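Presented below is the structure to which this report refers.
Since every read-out is calculated from the coordinates, none of them should be taken as a lab result. Quick caveat, the model's predicted, so the values are computed rather than measured. Quick reminder, even Gly has a Cβ in these numbers, built from the backbone with ideal geometry, and neighbours come from all protein chains shown.
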Amino acid sequence: MHFRRIAEHLAPFYSPPVRPENLQQIGEELAIKWDDGGESFIPLEKMRRACPCAGCAGEKDIMGNVYRGSEKPLSPASFRLVRLAHVGGYALQPVWGDGHSTGLFSFDYLRKIAEPT
Ligand SMILES: [Zn+2]
């Protein structure tokens with residue numbers, strides 16, 4: 001991997017995005033250990049409610065009107081994490097207990113929603 005060697009060589013001048021080093025579900029929270037040493041704890045319910053997919057977050061038209069997909073009521077299963085897939089080295093794609101799986105949570109976004117509100 002010649003490219004990777006170059007990237008490492010340039011490391012002092014380039015700060016790569018922070019990535020999760022370790023992911024673990026602890027009770028009702030997702031615990032993320034980041035490779036910069038930081039840790040985030042995200043309640044699964046909060047994470048699901050922050051789902052950034054078009055169906056949950058809605059899509060804005062140029063007038064700023066928000067269109068949401070068919071609103072399905074969330075149930076306890078909606079906040080159960082079935083699986084987490086890594087996508088393209090920049091995001092996580094959770095599969096929820098109610099079958100919803102179209103939300104892509106970028107690592108940046110995860111760090112943001114992990115902050116106390
Ligand atoms: Zn969604």
Query - Nearest-20 debye value, segment 44-114 charge dipole, Cβ charges on Lys, Arg, Asp, Glu - result: 220 debye
Report task. Would you mind putting 37-45, 99-107 in packing order, based on average other-beta-carbon counts within 10 Å, highest first? Result -> 99-107, 37-45
Report summary line: If unit charges are put on Cβ atoms (+1 for Lys and Arg, -1 for Asp and Glu) and the dipole of segment 44-114 is taken about its Cα centre, the option from Ser78, Cys56, Leu44 lying farthest towards the positive end turns out to be Leu44
